[in-house]
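K.L.:
Shown below is the structure under consideration.
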Amino acid sequence: MNKKKIINDPIYGFINVESELIFDIIEHPYFQRLRRIRQLGLTDLVYPGALHTRFHHALGAMHLMGLALNNLRLKGHMISDKEYESAQIAILLHDIGHGPFSHTLEFTLLKNIHHEALSLIIMQEINKQFGGALDVALSMFKDTYKRKFFHQLISSQLDIDRLDYLKRDGFYTGVSEGTIGSDRIIKLFDIADDQLVLDEKGIYSIEHFLIARRVMYWQVYLHKTTVSAENMLIQLVQRAQDLAKAGDLKVFVGTGLDYFLNNEISSKNFKNNNSYLQAFLGIDDYDVWVSIKKWLNHPDFVLSYLSKGILERKLFKISISSKPFDQKQIDGMTFEISKMLKIGKELTNYFLIRGVINNEAYVSGSEKINILRKGGKIEDIAEASDLPNIKAMSKIVKKHYLCSPKYVSL
């Protein structure tokens, strides 16, 4: 069987799969599952074109990794065929730990388990099945490999992951402000003192990259309507979990999702019991949609109300403030919701959602974006740039939000 394949990607054109091992990993059921997980959760309720998946993103990131490694080889850096293949595998699988709707339900279905921790567990399981063929890729992913720049290509403030998702998300949402020159940035990659650096000619490209990332967060990832919709989904799943655990009502699922509604699962469970991992790998966005459609007619008011709101796009209105909301306002809204919906105060938390959103365009710290000057000096982009707003973007911007049904006054 010919395993040297070419995939047509709407962003980059033809993507070459030149490794038989990589082809086999792409064909693996764990990776194919990513076809059924949206990259941007419920963002299509704002931008109808945002229907791309984690599968698209993973293949794009693998392609960009190949371009980056080819560029580094052209600059005289020795990268073996094994290292080349392993780096592509590591970035290909970096998001394999995402569950249904990606980040939206990350800490709802599973408590305090980051998707990167799950990615590592799943990569280790695939490695067992492939007889240790992923050993080097795993060490690069964990940052235990002897050459540190490989991990920086996989996970840093200017990694291959970000170069793909900004360009891809901008394309599928139609938000042109997110467009970045990933090809140029990759051509400017270099290695100095085992660190990933960029030639100083790339300062303006990095400035644009950081500005584009900041804009994409406010305009796409943290768009207020998206925040509202995703919080409604979180509350819906939380209500299903509460009902299932209390045993008050039978919560229909029948898709494998019920495993995560009836059990509180930790990372320790995944490491010690393979059945938990297999159950997680058996669920995707479609399981949630099937459940929501069934819950639409559920006798529980909260479950049916939220299901209808999501399915019919009758979303909560949202208010965003730079300061925390006044408790008197919260109390007044709680009373109003209780009265309007004719529910007890204990249920109003499902309809009055508070939280905080953060935009971190660039955090100047241990993981810096390093610029290589002509004289060999390495500088943080915040110091090398002559734009004062790059330093300003190092500040974390925090905003408070409050969601509630539209008829409740904010």
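K.L.:
Inspect the range 299-307 for any residue being at pLDDT 95 or above, surrounded by 11 or more Cβ atoms within 10 Å (Cβ to Cβ), within 24 Å of the chain's Cα centre (by Cα) and of a type outside the set (A, V, I, L, M) and give the result as yes or no.
P.N.:
So far as the range 299-307 goes, yes, one or more of its residues are at pLDDT 95 or above, surrounded by 11 or more Cβ atoms within 10 Å (Cβ to Cβ), within 24 Å of the chain's Cα centre (by Cα) and of a type outside the set (A, V, I, L, M).
K.L.:
Has the range 136-144 got any residue that is farther than 20 Å from Ser19 by Cβ, at pLDDT 95 or above and either out of contact with any His (no Cβ under 6 Å at 6 or more places or on another chain) or part of a helix (DSSP H, G or I) (or both)?
P.N.:
Yes: the range 136-144 contains one or more residues that are farther than 20 Å from Ser19 by Cβ, at pLDDT 95 or above and either out of contact with any His (no Cβ under 6 Å at 6 or more places or on another chain) or part of a helix (DSSP H, G or I) (or both).
K.L.:
Follow-up. In the range 295-319, which residues are among the β-branched types (Val, Ile, Thr) and either on the phi > 0 side of the Ramachandran plot or assigned to a strand (DSSP E or B) (or both)?
P.N.:
Ile318
K.L.:
Within the range 70-86, count every residue that is closer than 19 Å to Asp193 by Cα and touching a residue at least 24 places away in the same chain (Cβ under 8 Å).
P.N.:
5
K.L.:
I'd like to verify a number: residues in the range 158-205 that are closer than 17 Å to Ala61 by Cα, surrounded by fewer than 21 Cβ atoms within 10 Å (Cβ to Cβ) and among the polar types (S, T, N, Q), how many?
P.N.:
Qualifying residue count for the region: 1.
K.L.:
OK, next. Only one residue in Lys128, Lys82 is in contact with a helix residue (DSSP H, G or I) (Cβ under 8 Å, 6 or more places away or on another chain), part of a helix (DSSP H, G or I), of a type outside the set (S, T, N, Q) and surrounded by fewer than 17 Cβ atoms within 10 Å (Cβ to Cβ), so which one is that?
P.N.:
Lys82
K.L.:
Here is a check on your reading of the model: is Ala133 part of a helix (DSSP H, G or I) and more than 17 Å from Arg38 (Cα to Cα)?
P.N.:
So Ala133 does not fit the description; no.
K.L.:
Between a first residue in the range 282-293 that is free of Cβ contacts under 8 Å to residues at least 24 places away in the same chain and a second residue that is part of a helix (DSSP H, G or I) and surrounded by 15 or more Cβ atoms within 10 Å (Cβ to Cβ), which pairs have beta carbons less than 8 Å apart while being 6 or more apart in sequence or on different chains?
P.N.:
Close Cβ pairs satisfying both conditions: Lys293/Ser307.
K.L.:
Of the numbered conditions (1) of a type in the set (S, T, N, Q); (2) over 14 Å from the mean Cα position of the chain (by Cα); (3) in a helix (DSSP H, G or I), Asn16 fails exactly one; give the number of that condition.
P.N.:
Asn16 satisfies every listed condition except (3).
K.L.:
Taking the range 47-103 as the search range and keeping residues that are in contact with a Leu (Cβ under 9 Å, 6 or more places away or on another chain) and of a type in the set (Asp, Glu), which one is nearest to Ala229 (Cα to Cα)?
P.N.:
Filtering the range 47-103 for residues that are in contact with a Leu (Cβ under 9 Å, 6 or more places away or on another chain) and of a type in the set (Asp, Glu), the one nearest to Ala229 (Cα to Cα) comes out as Asp95.
Residues checked against (1) over 30 Å from Tyr12 (Cα atoms); (2) among the acidic types (Asp, Glu):
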{"site": "Glu177", "(1), (2)": "no, yes"}
{"site": "Ser182", "(1), (2)": "no, no"}
{"site": "Phe189", "(1), (2)": "no, no"}
{"site": "Leu198", "(1), (2)": "no, no"}
{"site": "Leu210", "(1), (2)": "no, no"}
{"site": "Thr226", "(1), (2)": "no, no"}
{"site": "Asp242", "(1), (2)": "yes, yes"}
{"site": "Thr255", "(1), (2)": "yes, no"}
{"site": "Tyr259", "(1), (2)": "yes, no"}
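K.L.:
Further, regarding this structure: Looking at the range 327-370 only, could you name the residues that are outside any helix (DSSP H, G or I), modelled with pLDDT of 90 or more and under 33 Å from the mean Cα position of the chain (by Cα)?
P.N.:
Passing the criteria: Phe351, Leu352, Ile353, Arg354, Gly355, Val356, Ile357.
To keep it simple, each residue is scored yes or no on (1) farther than 18 Å from His151 by Cα; (2) touching a His at 6+ places or on another chain (Cβ under 6 Å); (3) not aromatic (Phe, Trp, Tyr).
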position: Leu34; (1), (2), (3): yes, no, yes
position: Leu45; (1), (2), (3): yes, no, yes
position: Leu51; (1), (2), (3): yes, no, yes
position: Ala58; (1), (2), (3): no, no, yes
position: Tyr84; (1), (2), (3): no, no, no
position: Gly97; (1), (2), (3): no, yes, yes
position: Pro100; (1), (2), (3): yes, no, yes
position: His103; (1), (2), (3): yes, no, yes
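K.L.:
Residues being at pLDDT 80 or above, buried (at least 17 other Cβ atoms within 10 Å of the Cβ) and of a type in the set (Ser, Thr, Tyr): count how many of those fall in the range 248-292.
P.N.:
Residues flagged as at pLDDT 80 or above, buried (at least 17 other Cβ atoms within 10 Å of the Cβ) and of a type in the set (Ser, Thr, Tyr) within the range 248-292 amount to 3.
K.L.:
Kindly establish whether Leu40 is part of a helix (DSSP H, G or I), buried (at least 18 other Cβ atoms within 10 Å of the Cβ) and in contact (Cβ under 8 Å) with a residue 12 or more places away in the chain.
P.N.:
The answer is no for Leu40.
K.L.:
In the set Leu21, Leu74, Leu69, which member is under 29 Å from Ile121 (Cβ atoms), over 15 Å from the mean Cα position of the chain (by Cα), surrounded by fewer than 20 Cβ atoms within 10 Å (Cβ to Cβ) and modelled with pLDDT of 95 or more?
P.N.:
None of the other options fit; the residue is Leu21.
The values are calculated or read from the model by the stated rules, or taken from the named source; none is laboratory data. Quick caveat, the model's predicted, so the values are computed rather than measured. Virtual Cβ from ideal backbone geometry, glycine too; neighbours counted across all protein chains shown.
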